[in-house]
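Have a look at the structure below, then the notes.
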Amino acid sequence: MDESLDLRHAVPPQRQKGHGLARSVGLRLLRSAAGHCSRMRITACSSIAAVAAFLAVAACSTGAGPSTTAATAPDSEVANSVQPEDAQREPTPDELIAGYDELIAESGDSADPKKAIQAATAFFAKAALLVELGRAEEAIAQYDELTDRSANTADPTLASLVATAFLEKGALLVGMARAEEAIPVYDELADRWADTTDPNMASLVATALLEKGVLLVGMGRAEEAIPGYDDVAIRWADSENPTLAALVASTLLEKGAALVALGRAEEAIPEYDEVAARWGDTADPDMAAHVATSFLASGAVLAELGRPEEAIPKYDGVITRWGDTENPTLTVLVARAFLESGAVLVELGRVEEALAEYDGVITRWGDTENPTLIALVAVAFLETGGVLVELGRVEEALAKYDEVIARWGDSENPTLADYVALAKDERAVLDGGG
């Protein structure tokens with residue numbers, strides 16, 4: 001699964017002495033230890049509808065498998081139903097909506113699963129278009145109509161579409177700053193299929209419980225999130241289904257983050273360690289990202305608890321295991337491990353070793369085009385400058401700040417612009433003008 005990596009996931013600059021900027025990487029992980037996994041899960045949730053729609057159409061097709069024709073059937077049917085005289089003209093949004101409505105009307109209240117699935121697919125397509133048009137409230141109504149129509153279906157494909165509609169509705173409500181309303185939506189999904197034994201439906205239930213937990217933590221109600229996390233972790237602890245296993249791993253990370261938010265950081269460490277113990281030898285890059293995140297989170301907690309010597313092996317574990325990876329998500333986590341290790345080494349007074357860690361980021365990814373890595377390279381330059389100042393090597397420090405200014409001085413990216421401003425401030429102080 002590809003993850004969208006951008007500067008939203010980089011660390012905001014903080015004007016602090018010494019290693020403050022790199023340390024904030026760890027503090028961010030400490031505050032939201034499963035940030036990476038949450039983003040993966042949310043990305044997965046937002047794409048569930050598309051995947052479910054594909055499966056739904058494949059189920060409706062007459063062929064033996066999901067052909068290209070089957071995969072594109074909803075849009076083709078709608079386009080045909082609104083075909084204008086000019087065959088080259090794309091249907092307007094209103095024409096597409098009318099086409100989706102026609103497909104929904106054709107199915108009526110039919111008990112035929114294929115017709116119901118066709119209608120469900122049309123509901124999803126119409127809702128997606130309405131969201132694109134900025135009409136989220138109307139999109140929510142589509143999900144509501146779908147869940148009302150097919151609430152008691154026994155068809156597994158249709159049931160998964162209904163469950164996905166709950167997830168999509170919840171995500172829309174969150175996006176509309178109505179998180180409080182999303183919680184009962186996730187509860188309804190989890191309650192309806194609480195006893196499911198189907199792995200695919202169980203994945204949707206687990207996702208709902210996780211999304212609810214993330215919302216509760218974000219709302220300052222972390223204590224309420226713990227039971228939902230425990231439910232997922234215990235219910236599917238031994239699942240061999242890859243999706244469920246990934247959700248369990250994410251649950252443990254999220255529970256750790258919730259415990260940290262509650263001031264119970266010591267209790268979070270076993271949650272992170274369990275992820276590493278269970279899936280430490282995985283060859284799957286997505287699961288490996290969960291493991292790497294657990295190392296980083298555990299290291300951040302240990303550092304904050306005043307146990308930096310114990311934190312270093314956690315960061316080294318990420319670098320050693322995945323230092324040569326070509327996976328973009330893991331690469332970002334490795335870069336963060338270098339920065340985290342450098343920050344802790346500075347705290348321990350092992351500054352030369354810290355400089356080597358920062359240089360590792362610059363040397364490996366100095367020419368990267370990955371936006372998140374670019375931001376982390378900028379952090380490495382700034383941190384190196386701060387350490388060099390403390391060592392009295394001012395000219396070398398100035399060169400590092402100048403490098404940030406030269407590389408990104410014209411950047412329109414807000415994060416990089418902030419880093420450039422920080423480099424200029426530090427330079428002005430060293431020049432005696434600050």
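The values are calculated or read from the model by the stated rules, or taken from the named source; none is laboratory data. As the structure is a prediction and not an experimental result, all values here were calculated from the model. Positions of Cβ are backbone-derived with ideal geometry, glycine not excepted, and every protein chain shown enters the neighbour counts.
Figures for the structure shown
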read-out: Residue in region 387-407 that is touching a helix residue (DSSP H, G or I) at 6+ places or on another chain (Cβ under 6 Å), in contact (Cβ under 8 Å) with a residue 60 or more places away in the chain and buried (at least 23 other Cβ atoms within 10 Å of the Cβ) present; value: yes
read-out: Selection status of Arg278, among the basic types (Lys, Arg) and in contact (Cβ under 8 Å) with a residue 12 or more places away in the chain; value: yes
read-out: Failed item, numbered, when Glu309 is tested on (1) closer than 30 Å to Thr197 by Cα; (2) surrounded by fewer than 19 Cβ atoms within 10 Å (Cβ to Cβ); value: (1)
read-out: Within region 83-113, tally of residues that are modelled with pLDDT of 90 or more, assigned to a helix (DSSP H, G or I) and not small (Gly, Ala, Ser); value: 10
read-out: Single match in Ala283, Ala277, Ala258, Ala246 (criterion: part of a helix (DSSP H, G or I) and more than 29 Å from Arg178 (Cβ to Cβ)); value: Ala277
read-out: Among (1) of a type in the set (Val, Ile, Thr); (2) in contact with a Cys (Cβ under 8 Å, 6 or more places away or on another chain); (3) not assigned by TED's automatic domain parsing to the domain that holds Thr329, the one test that Ile234 misses; value: (2)
read-out: Hits in region 137-152 - residues which are crowded, with 18+ Cβ neighbours inside 10 Å and either outside any helix (DSSP H, G or I) or small (Gly, Ala, Ser) (or both); value: Ala139, Ser150
read-out: Identity of the residue in region 408-434, in contact with a helix residue (DSSP H, G or I) (Cβ under 7 Å, 6 or more places away or on another chain) and not in a helix (DSSP H, G or I), that ends up modelled with the lowest pLDDT; value: Gly434
read-out: Tally of residues being over 17 Å from Ala375 (Cα atoms), in a helix (DSSP H, G or I) and not charged (D, E, K, R) across region 342-364; value: 7
read-out: Residue tally, condition surrounded by fewer than 17 Cβ atoms within 10 Å (Cβ to Cβ) and in a helix (DSSP H, G or I), over region 199-234; value: 7
read-out: Residue ID - nearest to Arg307 (Cα to Cα), chosen from residues in region 342-372 that are surrounded by fewer than 18 Cβ atoms within 10 Å (Cβ to Cβ) and among the small types (Gly, Ala, Ser); value: Gly349
read-out: Matching option when the condition is among the small types (Gly, Ala, Ser) and without any contact (Cβ under 8 Å) to a residue 24 or more places away in the chain, among Ala245, Ala222, Ala233; value: Ala233
read-out: Leu252 being touching a residue at least 40 places away in the same chain (Cβ under 8 Å) and not assigned by TED's automatic domain parsing to the domain that holds Val291; value: yes
read-out: Residues that are assigned to a helix (DSSP H, G or I), touching a helix residue (DSSP H, G or I) at 6+ places or on another chain (Cβ under 7 Å) and free of Cβ contacts under 8 Å to residues at least 40 places away in the same chain, drawn from region 320-340; value: Trp322
